[in-house]
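Reading through the structure tokens given below for one structure.
Bear in mind these aren't lab numbers, they're just calculated from the coordinates by the rules spelled out. Bear in mind the structure is a predicted one, so any value in this text is a computation, not a measurement. Counting neighbours? That spans all protein chains shown, and the Cβs are built from the backbone with ideal geometry, glycine included.
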Amino acid sequence: MKAATIAQLKKELQFKSQEETLLLCLRLARFKKENKELLTYLLFESDSEESYIESVKEEVDAMFEDINTSSYFYIKKSVRKILRTIKKYIRYSGNKATEVELLLHFCERMKSLRPSIHRNTTLTNLYNRQLEYIKKKISLLHEDLQYDYGVILEQLNH
């Protein structure tokens, strides 16, 4: 089965009643965890972006605390998993400022990780790629935010 385009889905949903749309959303939420998480964000957390950012930061902090630091192999696996999780939450929000703030928090936590990430080429490269990505994203924000996030980015570069 080939999936319909967004335009086709939108057109078809216009012909559904409110009750039918509600049932479709609930059925969609049952099938995949990400669908349920996105629906949770849209219904409960999208109106308060600051609290959403804080809850994601708390989850990220907990994930960093659980990293097995006995070898760089486990650190790399865990850091990649944390980054995947952050990217997923960024997709839910779709807000560029949220994206920059969460990625800056990720880099701050990576920089403070012990043993140092700078002793491992893969982790250092991952860290540097994120800094470059953040730099590109900051340029798309409002000037005030550009300055605030730029200061944090400079601290992370040194």
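With the simple model of a label 7 Å out from the Cα in the direction of the Cβ, Thr121 to Asp61 spans 3.6 nm. Helix-only arithmetic for the chain: the sum of -39500 (n - 2.57) across DSSP H runs with n ≥ 4, divided by the residue total, places the mean residue ellipticity at 222 nm at -24500 deg cm²/dmol.
Listed from fewest to most Cβ neighbours within 10 Å, the set Arg80, Arg114 follows the order Arg114, Arg80. Exposure proxy ranking for His118, His158, based on other Cβ atoms within 10 angstrom of each Cβ and starting from the fewest, stands as His158, His118. Applying a DSSP loop filter and a limit of 11 other Cβ atoms within 10 Å to the trypsin sites (Lys or Arg not before Pro) in the range 31-66 leaves Lys32. Footprinting exposure proxy ranking of Val60, Val151, Val100, fewest other C-beta atoms within 10 angstrom first, gives Val151, Val60, Val100. Taking the range 72-108 and a reference point 7 angstrom along Cα→Cβ of Gln146, the backbone N atoms nearer than 20 Å belong to 95-104.
Extension gain for the segment Asp47 to Asn128, taken as residue separation times 0.36 nm less the Cα-Cα distance, is 25.9 nm to one decimal.
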